[in-house]
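Engineer: Okay, handing you the structure first.
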Amino acid sequence: MIIEAGVRPAPGLAPGLELVPVRTVIAAPIDGFLRLRPGDRPLVTAGEAFSVGAALADALRDGETREVARADPAAPGPDARPGDRWSSLVGEGRPDGDVGSAELLYEVAGRWRVAAGDLVDRVEAPVSGIVRDVRPGVGIRITVPARGLPGTEALGSPVRGRLEIAAPAGGELRAGAMDVGRRGTVLVVGARVDAEVLTRARAMGVRGIVVGSLASKERRDVLASDERQAAARHRIEPFGVLVLDGSLRRPIATPLMDVLRALAGREVGMLIDPPTLVIDDPEVALPTPSPELVRIRSGPHAGIEGRWLGLAGVRRFAAGVHLEAGRVALADGTTLTVALADLERFQ
Amino acid sequence: MKPVIRDPHPLFIVDRGSATTAAALVARVDDRRRLLASIAAPASIPVDAVLEHLVATLRSADPDLLSNLRFPADPITSGVRLEAVSRPPRTIAVLTATVRGHAALASVVARSGWNQVGATIEQDDPRSVAARLLDPAVSAVLAGADQRAGADERGGLADLSALIAAVATRRPDLPIVLAGAMANHESVIRGTSPDRVDVLPAPDARSGTPPGEHLREILVGVGRRDDDARWGLARSTELLASVLDRRVELLEVGMSGGLRAAASVPAAGRPYDLAAITSAGAALVPARIDEETIDRVATWSTEHVDRHRLRDRLHELRAHPWADAAGDGARLRMAALHAALAHLIELTPDLSARPSPDLIVVAGGAWAVAPAPIIALAVADVVRRPAAVQVAHDHARILGAIGTIADRAEAQALIADLVDDMLAPLGSVVIPGGLRTGLPAGSVVVSGSDRPARVELVPGGLAFVDLPPGIVATADFEFRGPVVLGASGRRFQVELAGGLGGLLVDLRDIPLRLPDRQDLRRELLAGWQDPLWQEPAWLGGGP
C-alpha cells in the first residue's frame, strides 16, 4: 500500500522523510558536565568564564576516607558542614599526621569522616566556556559557546588536541601505524579500533581517538586501562575515546567524515558528557549534508548511503516481519527498499 | 484529565514509550467508539509527524470515513489527545549497614520498577558510598535494616544515617526511604533538613504478603506520575477483567522495563482484584548489560553467536531498538524478549500462584514486530501452567493511555467500546500438565472451522492447528492417561478462540527443560521456532 498521498511534508523535506530518524551532525551550543567526586576540589565558581587550558578542578587519584576526632585541636569547628573544605597539618589520618586538604563527608560519634588523598590530578579545560553550576562532590556544569559533533558514547577524560585523519571512513588503523609523531593529536581511526591500537595510542601520547564503532571487548579494555592508570603513582596524560556510532562495525557516515576532514589539522576539544567533539574555531566552514541523503544504519545493508526516493508503505521483510519502509537510490543506480527504522538522515 | 468519552470529536491516543511512539485514532462510528487506525514509529520521530502519517494512512484507505469524522480544521494541532508516557526507569541507591541485609532489600527493589545501585557500610568506603549518592544519575535513596536491627547491623546504622543526613543537605532533591530499623533514625536525617517532606519511613523487607510488599508499594509510589503508561496498563488490566468478566493477565516488555499484571472480577465487596509488578530488569535490554544478561539471552538464542558479539548486538539493540528488526535481528530480539519475560516470571511467583488466566494480553514495544505465532510460542515457552488460555496483543498500544484516565467509569466505557478492536487475537494456547513422556499422549479434534481437524498429540512436542481470527472452535481432547488441564482427567472439551497464530497445543515439560549444552539447546529452540517465522498458510504465507 502506498501511503504517500495526503502526507503533509515537513517544511523543506521530501515527502515521507520526516518519518526517517534524524541525526544531528552539528549541535550548538553545548551544555557539558564534568563529574566530581567527594574530595575533588573545584577551582571555578558559577558564572565564571574559562578558556582552554584553565584549571577547572583538582581530582583525587587515590581518594579515600580518613577520620578526624572532634577532640583534635585542628578538628573542624562547630559550624562545619558536609561538603566544606578543610585542611589541617595536625590531623591523624596519615602516618605523618597530615590529612592535607580534604572535604568533610559527615560527622558521627564525635569523629568527622573526610574524603582526602595524596595524589591530585589537575583537570584542565579542553574548551572555552562558562561555568553554570558548581556542586562539590557532584560536578561542574558548563556551557560551551561552540559547535560540536555529537557522538554516541565517550570514554576516558576530556581532552584537546590537533585533529588528524589517520584512516579512511571505512578503514581501520594498525597498531604499527601509531608512533610518537602523533603525540598530542586527536586521531580519526576509521570504522573501528582494536585494543592494541588504543593501548599504543595512549602510550605514545595521543590525546584522543575518534572512531565509528567500538566493540564491547575494546570498551572493557579501555575502562580497565583507565582504572590501572588511576591506580598508578605517576601523573597520567588524559586520554579520551569518542564513538560516533555504536558497537558493530560500519563506516563513519559521510556527513560526519566531511566535518572531520574540514577539521583536519585544527585544534579540537573532546567532552565526555555529552560525548562531543567540540569545534571552537568559529571561522572554520563546515559542510552541510544534503537533506535527501540517507544512510542505512543497520540491517544487511548497514553502512550504505543513498538518496531518499520516498515511502514504500508496509513491506514484508525476512522472518515474516512487516515494517514501514522507504526507497533509497544508491550511487550505482540501483534502488533498495529499506525499513524506515534502519535509516537515518542528517541535519 | 479530559472527558474523552463525552467529547464528540475523534480522539488521538498516544503512547510515548522509551523506544516507540504509538498513535491511534479513535472515533465514534454509529453508536460506539471504534479504533480506526494505529501506527508505531521510533520514539525519535516527532509525535506530530507520526499523527500526520496516521491520518494520511486512513485518508488513503477510506477517504469517505475520514471526511465524515468531526475533525477540527487542523486535527494534528487542535485534536483531542490522550497521552501516556513510559519513562526510562530511575535509579535508586540501596544502602544497608551489612552485606547480609542487602539481598532482601535488593529483591524488593527488583520488583518496584527502579534500577538499583547498592552499597554497604560494612564493605564499602564511605567516600565511594557518598559519591554514589551524589551521582546525578541516582534519583532516590533506600536505606534499610531489619525491623529489629541485628547485632551486626546496629553499629553501622549510626554511620549510615549520618552519611545520608550529610548527603541530604547536598541533594535536597533526593527522596529518602528509611526501611525497618532505619526509620528510627529519621530524626537524624530530618535534623539537618527539617523542611524535607520526602523522607519516608517504611516497613522492612520482610513485612507484608508476599514479603516486602509494603515496602514495594511505597517504592512504587515514590515519584510516580499520573500519565505513566505502565501504571495505566496495570489499571487497564483490571478494567479489562471487569469488562470481559474474565481473569486477565498482562505481560508487558518494553525498552524501559517490564510489567506483569493479573486481574480478575473482584469478589463481592471488594473494589477490584489486581496485582501488578514492574521491573526495570525485565526490559528488553536492561540498561546494564552484564554477564547475567548475556547468559539469559544466550539461553534463548537460536543463533550461534559468541558472547562478545552477543553483547555488541545487545548494545546496538539497546541504542536503536527499532533497527535491524527483520531477519537475524528479529531472532535476536525474540531471544532478548524470552530472557526478559523469563526474568519477569521469576520475579513474580506470587502472580504465578494465582489461578490461571483466561486471557493473556501481551503489550509493549518488544512484541511490536514479531509474527503472531512466534508471540504465542514465546508466551507458552515462559508462562507454563497447565491451562487453556487465549492470547491477544495490545497491537495499537492504547491500553496504557486509557488506564491513565482518572474517571474509572469513563475508562471502563472506553475499553468496553474498543475491546474488540484493540486486542488482536493471536490464538489459543493449551498446555496440559502431567503428561508421561515416551508414550503417545492422545489426540485432539478441533471443530468449528471448515472441517474438523484431528491432531495426534506427542509428548514433548508442539502441535499447531490453523484457527483463524474470529473463529470459535471446540477442541475435544482425549488423552491416554490422566492429565491436568484446569482439572485432572482424560477427556476435555474446551472452547477456543482463533487468532493470527491459530491453536497451539503445547505438550512440553512444565517447567520447560532445555538442554545444558548450548548447541543442543539452540537446535531444539530453532526446531520449535523456525516453522513459525512465516505467515500461516491461510494468510498466504510461505517460507
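Engineer: When you scan segment B:354-374, do you find a residue that is of a type in the set (Val, Ile, Thr), more than 20 Å from B:THR278 (Cα to Cα) and within 14 Å of another protein chain (Cβ to nearest Cβ), even just one? Spell out the reasoning first.
Structural biologist: Taking segment B:354-374 and keeping what is of a type in the set (Val, Ile, Thr), we get B:360-362, B:369, B:374.
From the residues that got through so far, the ones that are more than 20 Å from B:THR278 (Cα to Cα) too are B:369, B:374.
Remaining after also requiring within 14 Å of another protein chain (Cβ to nearest Cβ): B:369, B:374.
Checked against the condition, which is being of a type in the set (Val, Ile, Thr), more than 20 Å from B:THR278 (Cα to Cα) and within 14 Å of another protein chain (Cβ to nearest Cβ), segment B:354-374 yields at least one hit.
Engineer: Restricted to segment B:273-309, and to residues that are among the hydroxyl-bearing types (Ser, Thr, Tyr) and under 27 Å from B:ALA526 (Cβ atoms), which residue is nearest to the chain's Cα centre (by Cα)?
Structural biologist: Just the residues of segment B:273-309 that are among the hydroxyl-bearing types (Ser, Thr, Tyr), to begin with: B:278-279, B:293, B:299, B:301-302.
From what's left, under 27 Å from B:ALA526 (Cβ atoms): B:293, B:299, B:301-302.
Values: B:THR293: 17, B:THR299: 20, B:SER301: 20, B:THR302: 23 Å.
The residue in question is B:THR293.
Engineer: Scan segment B:37-74 residue by residue and report those that are more than 11 Å from chain A (Cβ to nearest Cβ) and out of contact with any Gly (no Cβ under 8 Å at 6 or more places or on another chain).
Structural biologist: Kept after step one, since they are more than 11 Å from chain A (Cβ to nearest Cβ), are these residues of segment B:37-74: B:38, B:47, B:62, B:64-65, B:67-73.
Within segment B:37-74, B:SER38, B:VAL47, B:ASP62, B:ASP64, B:LEU65, B:SER67, B:ASN68, B:LEU69, B:ARG70, B:ALA73 meet the criteria.
Engineer: Among the residues of segment A:146-164, which ones are small (Gly, Ala, Ser), part of a loop (DSSP other than H, G, I, E, B) and over 13 Å from A:LEU256 (Cα atoms)? I'd like the intermediate steps shown before the answer.
Structural biologist: Here is the first cut: in segment A:146-164, the ones small (Gly, Ala, Ser) are A:146, A:148, A:151, A:154, A:156-157, A:161.
This time we only want the ones that are part of a loop (DSSP other than H, G, I, E, B), so: A:146, A:151, A:157.
The answer is A:ALA146, A:SER157.
Engineer: Can you pull out the residues in segment B:356-390 that are outside any helix (DSSP H, G or I), closer than 18 Å to B:GLY433 by Cβ and not polar (S, T, N, Q)?
Structural biologist: B:PRO357, B:ASP358, B:ILE360, B:VAL383, B:ARG384, B:ARG385, B:PRO386, B:ALA387, B:ALA388, B:VAL389
Engineer: Only one of B:ALA104, B:ALA140 is modelled with pLDDT of 95 or more and either at negative phi or assigned to a strand (DSSP E or B) (or both); which?
Structural biologist: B:ALA140
Engineer: Quick check: anything in segment A:215-222 assigned to a loop (DSSP other than H, G, I, E, B), over 28 Å from A:VAL20 (Cα atoms) and without any contact (Cβ under 8 Å) to a residue 12 or more places away in the chain?
Structural biologist: Looking for residues that are assigned to a loop (DSSP other than H, G, I, E, B), over 28 Å from A:VAL20 (Cα atoms) and without any contact (Cβ under 8 Å) to a residue 12 or more places away in the chain, one finds none in segment A:215-222, hence no.
Engineer: Only one of B:LEU200, B:LEU160, B:LEU219 is closer than 30 Å to A:ARG141 by Cβ and outside any helix (DSSP H, G or I); which?
Structural biologist: Values: B:LEU160 fails: outside any helix (DSSP H, G or I); B:LEU219 fails: outside any helix (DSSP H, G or I).
One residue alone meets the criteria, B:LEU200.
Engineer: When you go through B:LEU200, B:LEU233, B:LEU163 one by one, which is the residue that is within 14 Å of another protein chain (Cβ to nearest Cβ) and not charged (D, E, K, R)?
Structural biologist: On the way: B:LEU200 fails: within 14 Å of another protein chain (Cβ to nearest Cβ); B:LEU233 fails: within 14 Å of another protein chain (Cβ to nearest Cβ).
On inspection, the qualifying residue turns out to be B:LEU163.
Engineer: Of the conditions (1) crowded, with 17+ Cβ neighbours inside 10 Å; (2) free of Cβ contacts under 8 Å to residues at least 40 places away in the same chain; (3) in a loop (DSSP other than H, G, I, E, B); (4) not small (Gly, Ala, Ser), B:ILE76 fails just one. Which one is it?
Structural biologist: For B:ILE76, the exception is condition (3).
Engineer: Ok, one more. I'd like the full set of residues that are touching a Ser or Thr at 6+ places or on another chain (Cβ under 8 Å) and either of a type in the set (S, T, N, Q) or within 19 Å of B:PRO468 (Cβ to Cβ) (or both), limited to segment B:377-399.
Structural biologist: Listed by number, the residues that qualify are B:ALA388, B:VAL389, B:GLN390, B:VAL391, B:HIS395.
Engineer: Hey, another quick one. Within the group B:ALA340, B:ALA330, which residue is more than 10 Å from chain A (Cβ to nearest Cβ) and either touching a Pro at 6+ places or on another chain (Cβ under 7 Å) or assigned to a helix (DSSP H, G or I) (or both)? Outline the logic, then answer.
Structural biologist: On the way: B:ALA330 fails: more than 10 Å from chain A (Cβ to nearest Cβ).
None of the other options fit; the residue is B:ALA340.
Engineer: One residue is enough: does segment A:265-280 have a residue meeting the conditions more than 16 Å from A:GLY212 (Cβ to Cβ) and modelled with pLDDT under 95?
Structural biologist: yes
Engineer: Just give me the residues in segment A:293-347 being β-branched (Val, Ile, Thr), more than 13 Å from chain B (Cβ to nearest Cβ) and either surrounded by 15 or more Cβ atoms within 10 Å (Cβ to Cβ) or assigned to a loop (DSSP other than H, G, I, E, B) (or both), in sequence order.
Structural biologist: Narrowing segment A:293-347 to residues β-branched (Val, Ile, Thr): A:294, A:296, A:304, A:314, A:321, A:328, A:334-335, A:337-338.
Filter once more, keeping what is more than 13 Å from chain B (Cβ to nearest Cβ): A:294, A:304, A:328, A:334-335.
A:VAL294, A:ILE304, A:VAL328, A:THR334 - these are the residues of segment A:293-347 that are β-branched (Val, Ile, Thr), more than 13 Å from chain B (Cβ to nearest Cβ) and either surrounded by 15 or more Cβ atoms within 10 Å (Cβ to Cβ) or assigned to a loop (DSSP other than H, G, I, E, B) (or both).
Engineer: Another question, if that's okay. Could you grab me the full set of residues in segment B:117-131 that are surrounded by fewer than 21 Cβ atoms within 10 Å (Cβ to Cβ) and in contact (Cβ under 8 Å) with a residue 12 or more places away in the chain? It would help to see each step written out before you state the result.
Structural biologist: Keep residues of segment B:117-131 that are surrounded by fewer than 21 Cβ atoms within 10 Å (Cβ to Cβ), which gives B:117-118, B:120, B:122-125, B:128.
Residues satisfying the conditions are B:VAL117, B:GLY118, B:THR120, B:GLU122, B:GLN123.
The values are calculated or read from the model by the stated rules, or taken from the named source; none is laboratory data. This one's a predicted model, so the numbers in the text were calculated from it and none came from an experiment. Heads up, the Cβs are rebuilt from the backbone with ideal geometry, glycines too, and the neighbour counts pull from every protein chain shown.
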